[in-house]
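Asks: Provided herewith is a single structure, encoded as structure tokens, for subsequent inquiry.
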Amino acid sequence: MPDKIPLLLVEDEPHIAQGLIFNLEAEGYRVNHVETGETALQALERDRYALLILDLMLPGIDGLEVCRTLREQGNQIPVLMLTARGADQDRIAGLSTGADDYLPKPFNLQEFLLRIAALLRRSNWKEEKGTALLYRFGANSIDLENHEAETPQGTIQLTGLEIKMLRLFFANENKILTRADLLRQVWDMSPKTETRTLDNFIVRLRKYFEADPSRPKHFRTVRGRGYRFVREP
């Protein structure tokens with residue numbers, strides 16, 4: 001009989017946690033439940049999990065800080081973030097720290113289970129694929145499967161959203177991508193959303209991959225229109 005897939009649930013409301021545990025175990029998962037961000041980080045250091053279900057609003061270290069810490073440590077465990085707040089800015093904040101998916105409460109149980117299954121399929125596909133997909137430009141080499149970049153500055157661990165944005169740029173080499181294109185395809189956000197998140201991501205990519213971030217050759221601004229990726233300037 002195959003081992004049950006281990007999940008870590010971080011939820012401080014007991015009645016919500018009990019319901020999720022019951023349904024996840026009914027689906028055949030093995031669930032470890034903790035109530036704080038601190039104990040979540042300890043559990044992830046001690047044991048290996050296939051997926052992290054992370055509440056945003058936690059006592060002490062909140063879900064955003066837990067996710068940010070994991071990504072800074074190079075831990076690329078799939079993260080499904082749960083929150084009682086459904087505003088665009090909250091969703092952007094969660095995804096910007098490296099969460100792979102976001103589900104506002106209250107949510108449909110079937111959708112919750114389907115999103116977990118989808119994240120696990122994506123993760124398993126990465127592990128089984130074996131050969132990394134590499135993309136090179138300038139002095140940089142990007143491992144799109146393992147979320148890792150080799151640059152003149154050294155090795156950089158990339159978040160899921162950074163990889164998603166890079167894939168979009170690489171697939172549209174030399175084409176202009178508008179702010180609306182990027183907000184919709186990377187963050188699934190309305191083009192009318194007022195946010196500096198996109199600009200901050202562009203600044204970050206330039207810092208990673210440009211020889212002179214103040215005079216970018218690869219990730220270029222097209223004034224009044226958007227951005228364009230140029231592989232060979």
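Just so it is clear, none of the values below were taken in a lab; they were calculated from the coordinates. Because the structure is a prediction, the values reported are computed rather than measured. Positions of Cβ are backbone-derived with ideal geometry, glycine not excepted, and every protein chain shown enters the neighbour counts.
Asks: Between Arg223 and Arg30, what is the spin-label point distance in nm, taking each point 7 Å from the Cα along the Cα→C-beta axis?
Replies: Taking the two extended label points, one gets 6.0 nm.
Asks: In terms of modelled amide H atoms, which long-range or inter-chain residues lie less than 5 Å from the amide H of Lys105?
Replies: The list, which skips near neighbours in sequence, is Thr83, Ala84, Arg85.
Asks: Using modelled amide H (1.01 Å from N, peptide plane; none on Pro or chain starts), what sits under 5 Å from the amide H of Met189, excluding residues fewer than 5 places away?
Replies: Hits under the 5 Å cutoff: Arg184.
Asks: Which one, Gly63, Ala118, Ala17, is farthest towards the positive end of the dipole of the chain when Lys and Arg carry +1 and Asp and Glu -1 on their Cβ?
Replies: Ala118
Asks: Something else about it: Report, to the nearest 10°, how far helix 197-209 tilts away from the longest principal axis of the Cα atoms in the chain, using its own Cα long axis and a range of 0 to 90°.
Replies: Orientation of helix 197-209: about 70 degrees from the principal axis.
Asks: Report the charge-dipole magnitude of the stretch 134-229 in Debye, nearest 20, computed about the Cα centre from +1 at each Lys and Arg Cβ and -1 at each Asp and Glu Cβ.
Replies: For the stretch 134-229, the charge dipole is close to 560 debye.
Asks: Moving on. Just to confirm my numbers, what's the Cα centroid distance between the stretch 152-180 and the stretch 17-88 in Å?
Replies: That distance is 27 Å.
Asks: Please compute the Cα-Cα pair-distance distribution of the chain with 5 Å bins starting at 0, giving whole percents from short to long.
Replies: 1, 6, 13, 17, 18, 16, 12, 9, 5, 3, 1, 0
Asks: Of Lys175/Lys207; Lys4/Lys105; Lys4/Lys207; Lys4/Lys164, which ones are farther than 32 Å apart at the Cα?
Replies: Working: Lys175/Lys207 21 Å; Lys4/Lys105 27 Å; Lys4/Lys207 42 Å; Lys4/Lys164 30 Å.
Flagged as over cut-off: Lys4/Lys207.
Asks: Scan around Asn146 for amide H atoms under 5 Å from its own, H built in the peptide plane at 1.01 Å from N, and keep only partners 5 or more places away or cross-chain.
Replies: HN-HN under 5 Å from Asn146: Leu133.
Asks: Within the stretch 151-166, list the residues whose amide N lies under 20 Å from a label point set 7 Å along Cα→Cβ of Ile61.
Replies: Only 157-160 fall inside the zone, counting backbone N under 20 Å.
Asks: Using only DSSP helix segments of four residues or longer, with each worth -39500 (n - 2.57), what per-residue ellipticity at 222 nm results for the chain after dividing by its residue count and rounding to 500?
Replies: After summing the helix terms and dividing by residue count, I get -13000 deg cm²/dmol.
Asks: Which shape class, rounded, prolate or oblate, goes with the stretch 6-129 when its Cα gyration tensor gives a ≥ b ≥ c as root eigenvalues, a/c under 1.5 marks rounded, and past that a/b bigger than b/c marks prolate? Provide the component values of the computation, followed by the final result.
Replies: Details: a/c = 1.16, a/b = 1.03, b/c = 1.12.
Cα axes put the stretch 6-129 in the rounded bin.
Asks: Continuing with this model, one more query. Evaluate the Debye formula for the stretch 134-229 with equal point scatterers sitting on the alpha carbons, no solvent, and hand back log10 of I(q)/I(0) at q = 0.13, 0.19, 0.22, 0.25 Å⁻¹, in q order, two decimals.
Replies: Rounded to two decimals, the profile gives -0.42, -0.92, -1.23, -1.55.
Asks: Right, something else. Hey, what do the phi angles of the stretch 158-170 turn into as Karplus ³J(HN,Hα) couplings, whole Hz, using 6.51/-1.76/1.60 and θ = phi - 60°, x for Gly and Pro?
Replies: Karplus values, whole Hz, x for Gly and Pro: 9, 7, x, 6, 4, 5, 4, 5, 4, 4, 5, 5, 5.
Asks: Magnitude of the Cβ-charge dipole of the chain, K/R +1 and D/E -1, about the Cα centre, nearest 20 debye? Write out the running numbers ahead of the final one.
Replies: Details: 32 positive and 34 negative charges, 292 e Å.
Approximately 1400 debye in magnitude.
Asks: Short version: ³J(HN,Hα) in whole Hz for each residue of the stretch 216-223, in order, from phi by Karplus 6.51 cos²θ - 1.76 cosθ + 1.60 (θ = phi - 60°), x for Gly and Pro, what are they?
Replies: x, 9, 9, 9, 9, 8, 10, 3
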